[in-house]
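The values are calculated or read from the model by the stated rules, or taken from the named source; none is laboratory data. Remember, predicted model here, so these are calculated numbers, not experimental data. Neighbour counts run over all protein chains shown; Cβ positions are idealised from the backbone, glycine included.
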């Protein structure tokens, strides 16, 4: 009974032990139990980068972590999205190793294997090695180190010790055999063996009319006959009397027939490593006489024939066996060396041979009988230009076809087996050569798509003529593909889209598409797009017009009337919001620290823009600054301003020149370059210097006088940088009997423009601009709130009256998983003594209207306790101690 009670106490009070011995690696498959969430029903696989993709959270790296560590990390990531994670659990479903198998294998890539798998299982996972792989020189890369191993030895012996042990992330490379060439062909071991077993420098190269040409190894005392037998001898087409042999760059001609007839070894040419042997094909010598004519082409027996004085054309044709069934007897040509070529129509000749004039044959004449033009034979030589028509592009059988006046456009398209499914039938081009035109050709367009839809009469089909070229353009597979084939796309069928879109370019477009279609084809606007001012240039009319579109207003209202009508040829431009617009910017160029284009607004003055540009450089001519107005027709389009006089004598800010969007401020440079005051600081008088430190772009010591102000010295230091804390600028005034420090809130000055906020600085003063996240000593206690305990980022935080306790917790990243949010303690500091109060964040979340948020003031302290400090936790700990004490007594009693 005592044992059962002890086991029960141990089961209730002891936490479950997590398995910390298993480390997760790439390829492992895990299951995340999140009650009530459909997105977590399927398993997650760790990718090669050691990460998993979680819904609503994104990627989380968990490789090389234990199961408990990965569970805590994922739970922490999910806690920012999901509230109830008390039952969250990570379970390892399957642990695998990831191996990269590359090289000459069937399916190279990355495979997942069970631990303790070997190289053979990795090869099997990628389909095995391809025929021609070099099995004795496999290599494996582990932890950046490569080494070779003999996989052939393992296949021969079955000894697994000859194979390396695979680890997660290893790379196995399978090389190709050097017997394979540089061109991918089907592997044929016998063919590779027969093509030679040596290189060109050390072997014998045999080619031509031999049975197995290739490069073969040389053996001592080998002669040319032995070499020919190594290539399986010569073919029956070889001319054995004129075999060429080149040894040591010296050519020889070998007569194999004479050698076999006589056995004279002196006829054998020398053979050495690197010798080349060529067996030529045997050809008949051309025999001509003073009465020879030639018959070529589609006849039964083409060749040379002798003629007499009265031999006619029909006699020569009959002697050659007559035309074959493939001959085009209407286009027989007679070619002569002394006269122009003549065309014989044998069909017309057979109708009236007495009236058809055929000249007598002369020595050297050539009779050419051409072949009929067929669809399978596309040789353009078979059809002359005056009786052909060409159709190219997106048709099933493009080519050059024989033309007849009886055919129309539909006949030709049907003869080419019709358009393909990607043909652009709305813009078919017809090109006809015309020497009377300046460009030498005439181009017309035909919309076959409308013709088929409207059922137009046949008379509206385009007129065809010999020599014409018809081009059927091809539509892209998808909208982005038209950019790859833009050269084939007509500008009259295109629309242009530029600017902040996913895929700017030129796109195919027709009248049936709208603005949203072309915007979708360009992958839509990107995140930097300014949707409130989309520009559309309409170029389809007699003059170009530009319209503006507020696309954001359309997305908010869904009003289709806001979308413009766009046509082919129009240009759509979507500007970026990250760059200043031309009509809402001011340009500052010349001798300033940071010239450029700056966004303009009504609150900016001339000095503000000058400060944005970093102020004048050391060589700036401040006495003649030019302001170039955007309106050139304005008589005051160029204004000159003496800033040096304004600075030295002082002036009313109302006297500053008015700056408008589009204006340009030009600061000229002085003719002579004055010395850089920072590089010559030793020669500079300390009574004429002022010091600028901290978060400015150019800290240092600067020349200063009584006419300059705080903004002048701040601009001279290139202004505050991006990390500057503009609310706590310190100015040390050293001109009195003792140093006096004042604090400037420059942000308040920028917001109000109140010049009284700017301090008076004189030579000798020190200006310090701290960082926003600087040393905590820079922030006095009466300006911060202290946050301690179970929060993500405890520390000292800047605080003002507009912030609440919730803002402070959010700034610190929120409470941790161990926080006891039911009793958050706030200590308010006051002149009459500190006071403490308790706030329940859980009650506020469940019932915000019934739970007021305590007021915080600078100087207060907020403490978020640990859940172990709660009453329930203390009671549970007390019960555990009591149970332990009772158990001890029972054990002692049992022992007695």
Subject >> Given (1) assigned to a loop (DSSP other than H, G, I, E, B); (2) under 30 Å from residue 764 (Cα atoms); (3) at pLDDT below 75, number of the condition residue 682 does not satisfy >> reply: (1)
**OP:** Report the residue count in the stretch 215-264 for those that are under 56 Å from the mean Cα position of the chain (by Cα), at positive phi and modelled with pLDDT of 90 or more.
**Re:** 2
**OP:** Kindly provide the set of residues from the stretch 213-252 that are in a loop (DSSP other than H, G, I, E, B), within 17 Å of residue 269 (Cα to Cα) and in contact with a helix residue (DSSP H, G or I) (Cβ under 9 Å, 6 or more places away or on another chain), ordered by number.
**Re:** 218, 219, 222, 223, 240, 241
Original post:
Assuming residue 430 fulfils every condition listed in (1) assigned to a strand (DSSP E or B); (2) over 30 Å from residue 575 (Cβ atoms); (3) at pLDDT below 85 apart from one, which condition is it?
Top reply: (3)
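Residue-by-condition table, conditions (1) closer than 24 Å to residue 167 by Cβ; (2) at pLDDT 85 or above; (3) assigned to a loop (DSSP other than H, G, I, E, B); (4) not assigned by TED's automatic domain parsing to the domain that holds residue 170:
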residue: 16; (1), (2), (3), (4): no, no, yes, yes
residue: 30; (1), (2), (3), (4): yes, yes, no, yes
residue: 48; (1), (2), (3), (4): yes, no, yes, yes
residue: 74; (1), (2), (3), (4): no, no, no, yes
residue: 82; (1), (2), (3), (4): no, no, yes, yes
residue: 85; (1), (2), (3), (4): no, no, yes, yes
Subject >> Boolean, residue 273 is surrounded by 13 or more Cβ atoms within 10 Å (Cβ to Cβ), in a loop (DSSP other than H, G, I, E, B) and under 57 Å from the mean Cα position of the chain (by Cα) >> reply: yes
Original post:
Can you tell me how many residues in the stretch 520-538 are surrounded by 16 or more Cβ atoms within 10 Å (Cβ to Cβ) and more than 16 Å from residue 576 (Cβ to Cβ)?
Top reply: 3
Original post:
If you go through the stretch 545-552 one residue at a time, do you hit one that is surrounded by 14 or more Cβ atoms within 10 Å (Cβ to Cβ), in contact with a strand residue (DSSP E or B) (Cβ under 8 Å, 6 or more places away or on another chain) and part of a loop (DSSP other than H, G, I, E, B)?
Top reply: yes
Original post:
Scanning for something exposed (fewer than 11 other Cβ atoms within 10 Å of the Cβ) and over 21 Å from residue 86 (Cα atoms), does the stretch 801-824 turn up at least one residue?
Top reply: yes
Original post:
Only one residue in 91, 110 is exposed (fewer than 13 other Cβ atoms within 10 Å of the Cβ) and at pLDDT 85 or above, so which one is that?
Top reply: 91
**OP:** Out of the residues in the stretch 712-725 that are surrounded by 17 or more Cβ atoms within 10 Å (Cβ to Cβ) and over 15 Å from residue 693 (Cβ atoms), state the one that is nearest to the chain's Cα centre (by Cα).
**Re:** 715
**OP:** Having 1 or more residues that are modelled with pLDDT of 85 or more is the bar; report the strands (runs of 3 or more DSSP E) wholly within the stretch 782-853 that clear it.
**Re:** 784-789, 824-828, 835-839
**OP:** Give the residue that is surrounded by the most Cβ atoms within 10 Å (Cβ to Cβ), with candidates limited to residues of the stretch 568-589 that are over 14 Å from residue 531 (Cα atoms) and modelled with pLDDT under 85.
**Re:** 568
Subject >> Residue identified as assigned by TED's automatic domain parsing to the domain that holds residue 563, more than 14 Å from residue 394 (Cβ to Cβ) and modelled with pLDDT under 85 among 521, 500, 508 >> reply: 521
**OP:** Quick one: in the stretch 752-773, of everything that is farther than 23 Å from residue 702 by Cα and at pLDDT below 85, which residue is surrounded by the fewest Cβ atoms within 10 Å (Cβ to Cβ)?
**Re:** 773
